[in-house]
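Okay, so here's the structure we're looking at.
The values are calculated or read from the model by the stated rules, or taken from the named source; none is laboratory data. If you're wondering where the values come from, they're calculated on a predicted model, not measured in any experiment. Cβ coordinates were reconstructed from backbone atoms using ideal geometry, including for glycine residues, and neighbour counts include every protein chain displayed.
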Amino acid sequence: MNNDNMSDGSNRSDRSNGSDESHSPGLIPAHGGYRGLKSYQTAEIIYDATMAFCDRFIEKRSRTHDQMVQAARSGKQNIAEGSQASGTSKKTELKLVGVARASLEELLLDCQDFLRQRGLPLWDKNHPQAQAVRKLAYVQNRSYSTYRTYVESSSPEPAANTVICLIHQANYLLDQQLRQLEQQFLEEGGFTERLYRARTEARRRDPL
C-alpha cells in the first residue's frame, strides 16, 4: 500500500486543542497543543488499533506483541513530548518527532511481515477496501471507534491492512511536520538564539 495523502496542507485539526497549549508571549513561544495535531490524532488511533490487533492475532507473551505495541506507543508519545519541548528546544522537538516517525516505520514493517509470513495480500492504495479505509481520514472527530470494526470484527487481512493504511497516513503527516520544523529552525533558530537576541536587544535599550 502506498502513502496516503490525507493532509490539506496543515497538520492542525479542527478538533479543540484542549488545555495542552501554552499561549504565553515572549521568549518562550506558544507550545504544546499536540492534541490538535492530525499526526498525533492518527498516532493515537494507531496505538489503540495496534493493541486490539496484537491481542487478536499475535501471541500475547511473544516478543513481537510487545515490540509492536511499544512501537505504536512510541509514535504517539514522542509526538506529544516533542510538542511540549518545542517552547525551549526546536532541536529536541525535531529529534522526538523523528523518533516517532522511525517507531511507526518499525511498526509498518512488522505489519507487512505479518501479512507476508501468512501469505496474505498487502493492499495497493487502489484496492476498494483500502480506499474505503483511507476515506475515513476525513470523518469529523474520528477516533479509534471509526476503525474498530475493521480491526476487531474482521479477518487478519483487513485488520492488518487497516493498521498499515493508518501508518502510511501518519507517516505522511510526520514527514510534512519534520520539513516544517526544519524550515522553522533554519529561519528562526532555537531557544538559545532567541535568548541571545533578547539579551542583545535589552542591552541596546539599557546600556547601563
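Tabulated values for the structure
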quantity	calculated
Pair list, Cβ under 8 Å, 6 or more apart: region 56-69 residue under 20 Å from E157 (Cα atoms) and in contact (Cβ under 8 Å) with a residue 60 or more places away in the chain, other residue surrounded by 15 or more Cβ atoms within 10 Å (Cβ to Cβ) and not basic (K, R)	R56/V151; R56/A159; F57/F114; F57/A159; F57/A160
Options D66, D4, D20; residue that is surrounded by 13 or more Cβ atoms within 10 Å (Cβ to Cβ), modelled with pLDDT of 95 or more and of a type in the set (D, E, K, R)	D66
Flag for A80 being buried (at least 24 other Cβ atoms within 10 Å of the Cβ) and part of a helix (DSSP H, G or I)	no
Long-range neighbours under 7 Å by Cβ, at least six apart or interchain, first residue in contact (Cβ under 8 Å) with a residue 40 or more places away in the chain and surrounded by 17 or more Cβ atoms within 10 Å (Cβ to Cβ) within region 86-97, second assigned to a loop (DSSP other than H, G, I, E, B) and among the hydroxyl-bearing types (S, T, Y)	E93/S86
In region 120-176, the residues that are assigned to a helix (DSSP H, G or I), among the small types (G, A, S) and surrounded by fewer than 14 Cβ atoms within 10 Å (Cβ to Cβ)	A132, S145
